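Following this message is one structure expressed as structure tokens.
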Amino acid sequence: MDRLTRKYIIGWLNTDKPEDLFRTADKIRKAYCTDKIHIRGIIEFSNHCKRDCLYCGLRKSNKNITRYRMDEAEILHSAVKAGNLGYKTILLQSGEDEAYSIDRLCRVVSSIKKKVDCAITLSIGEKSLDDYKRLKEAGADRYLLRFETSDEKLFKKLKPDSSYKSRLSCIENLIKLGYQVGSGIIVGLPGQAFETLADDILLMKKLELDMIGIGPFLPHHNTPLCAAPSGTLDLTLRVLSLIRIAMPDTHIPATTAVGTVDATGRQQALKCGCNVIMPNITPSKYRKFYEIYPDKICIGEKLSDCRSCVEKIIKSLGRNISKDYGHSLNKKPQTF
Ligand code: SAH
């Protein structure tokens, strides 16, 4: 869209009256994505992480956390249960945990694909081109890897043991391999200006991403950013709306972080361009330990409760649940 310049984006981030922006995003979502909402079930299979990102509760320096790993049988069991509840996408997420070899991860992916009629999305961090290739061959369809911020200096400060260039090259490798690729940012990070957010949105568009996940920054008490202010729902809704205007047919979830910053956050996000929601299907005994940020919603709920809560939200908005895989709207899925 020609009018989507840096100046235009910054103008909307600054305005006193964002309602027109929200309405436009909602109209575009309806025109390109219809009223269907795609549901993705997330299994958070390990909270071990080798990295030390300043914002994240799973960072390796956090010693006040009970670490867990689900074994292959447990992951498969959760995926089968989700399949029986009608989930058509299973998202496997973890910290960057090298205890799972690529052989093991490939086995998990292919065994889920054999038993459950679903698409598989991975969100397991930075890996080599060859690892990504093997996971794709094992049956993974999609991959989520947020670039977190397009400000290279801020990236280095917040992710001291990674680099912006290597994260970006991972995203490019995933695109090259034919994955449906999702990326995104955290909104309201300390040190992030409106100019940064504008550059973030322009980069998302340039990468032609199939999915964009964003959420407000939520400070975690056991991290160096414990005293920083949290990101706001208002700014997150503005960024979501601008992303929808920039990328009319990309899949955009109303994330758990949006629902955590405000009890009606996901409902509002679904009215500002979002067309995806991702209920937690991690076994409840592990859920409270996957504490990326505090007070995460859906902690105590049973798998079927999360599903019915999300169904209620969708119904209250007059929208409906998609029954298909919810593949990218601008790419034909490759199957192996
Ligand atoms: N290890 C995977 C998954 C990371 S967790 C990876 O490297 O991609 C998923 C996302 O949670 C992160 O990409 C980050 O954007 C978000 N996140 C982490 N800490 C957060 C916090 N304190 N507030 C809001 N979002 C956070």
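Every number in this text was worked out from the coordinates using simple rules, so none of it is lab data. Just so we're clear, the structure is a prediction, and the values are computed from it rather than from any experiment. Here Cβ is always computed from backbone atoms with ideal geometry, including for glycine, and neighbour counts include all displayed protein chains.
Report the net charge of residues surrounding residue 45, where surrounding means a beta-carbon distance below 10 angstrom and charges are Lys +1, Arg +1, Asp -1, Glu -1.
-4
Could you point to the residue in 128, 166, 192 farthest towards the positive end of segment 81-193's charge dipole, with +1 and -1 charges on the Cβ of Lys/Arg and Asp/Glu respectively?
128
Give me, ordered by chain and number, the residues 5 or more places off residue 211 or on other chains with an amide H under 5 Å from its own placed amide H.
Close amide H contacts, sequence-distant or interchain: 181, 182, 183, 251.
Answer with one residue from 318, 100, 256: the one whose Cα lies farthest towards the positive end of the charge dipole of the chain, charges on Cβ with Lys, Arg +1 and Asp, Glu -1.
About the Cα centre, the residue reaching furthest to the positive side is 318.
While we're on this one: For segment 70-217, give the magnitude of the charge dipole about the Cα centre (Cβ charges: +1 Lys/Arg, -1 Asp/Glu; no others), in debye to the nearest 20.
Approximately 300 debye in magnitude.
Between 70, 278, 204, which gets the highest mean-square fluctuation from a Gaussian network model of the chain, Cα cutoff 10 Å?
70
Here's a follow-up. Could you check the spin-label model distance between residue 130 and residue 305? Points 7 Å from the Cα along Cα→Cβ, value in nm.
4.6 nm
When the dipole is taken about the Cα centre of the chain, and only Lys, Arg (+1) and Asp, Glu (-1) are charged at their Cβ, what size is it in debye, to the nearest 20? Show your work: numbers first, answer last.
Working: 55 positive and 40 negative charges, 99 e Å.
So the magnitude is around 480 debye.
Considering the chain, which cysteines have no disulfide-compatible partner, defined as another cysteine with its Cβ under 4.7 Å away?
33, 49, 106, 118, 170, 226, 272, 274, 298, 306, 309
Quick one: work out the % antiparallel among DSSP beta bridges in the chain, nearest 5.
Beta bridges within the chain, antiparallel portion: roughly 5 percent.
What percentage of all Cα-Cα pairs in the chain are separated by more than 34 Å? Write out the running numbers ahead of the final one.
Working: 9284 of 56280 pairs.
Here the long-distance tail beyond 34 Å is 16 percent of all Cα pairs in the chain.
If you take the C-alpha gyration tensor of segment 77-126, multiply each eigenvalue by 5 and take the square root, what semi-axes do you get, largest first, in whole Å?
Values: eigenvalues 83, 27, 14 Å².
Values for segment 77-126, descending: 20, 12, 8 Å.
For residue 83, what charge total do you get from the other residues with a beta carbon under 10 Å from its beta carbon, if Lys and Arg give +1 and Asp and Glu give -1?
Around residue 83, the charge tally is +2.
Consider all pairwise Cα distances in segment 116-243 and report the whole-number % of them above 24 Å.
32 percent
Measure up 113/288; 127/205; 271/312; 17/271 against 18 Å on the Cα-Cα distance and list the ones that go over.
113/288; 127/205
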